[in-house]
């Protein structure tokens, strides 16, 4: 039986998708309560959230870049780069849920394609 490792891109995509969108007071309360379980307390405010999100998205982008260099195929890397731009624009600058969730969907799609390609290529 072969055990598959979780890819770093999937983990960071999931973490980014669960960051709060501060439009629903009940959602904010739930996120702060969940964050306090992990010792974060109320630090999920925007000044802390932006650097944390950039770090997680940067880890994901580095992982895509390494895989693109190995396979010499950069389409998935470009898709993930646009996805990260959509996420940052939708979350912090334009405050648009449609753009944010489109970016999250693009990032998760590129992560799944990346994992599928790695399994097919045997990387």
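Residue 107 fulfils the conditions (1) at pLDDT below 90; (2) assigned to a helix (DSSP H, G or I); (3) over 27 Å from residue 47 (Cβ atoms) except for a single criterion, (3).
Within the stretch 68-84, restricting attention to residues that are within 15 Å of residue 104 (Cα to Cα) and in contact with a helix residue (DSSP H, G or I) (Cβ under 7 Å, 6 or more places away or on another chain), the residue that is surrounded by the most Cβ atoms within 10 Å (Cβ to Cβ) is 80.
Select, from 44, 50, 61, the only residue that is touching a helix residue (DSSP H, G or I) at 6+ places or on another chain (Cβ under 9 Å), surrounded by 12 or more Cβ atoms within 10 Å (Cβ to Cβ) and modelled with pLDDT of 85 or more.
Matching residue, one of 44, 50, 61: 61.
Evaluating residue 76 against the criteria (1) at pLDDT 75 or above; (2) in a loop (DSSP other than H, G, I, E, B) leaves one unmet condition, (2).
The values are calculated or read from the model by the stated rules, or taken from the named source; none is laboratory data. What you see is a predicted model; the values in this text were computed from it and never measured. Every residue, glycine as well, gets a Cβ built from its backbone with ideal geometry; the counts of neighbours run over all protein chains shown.
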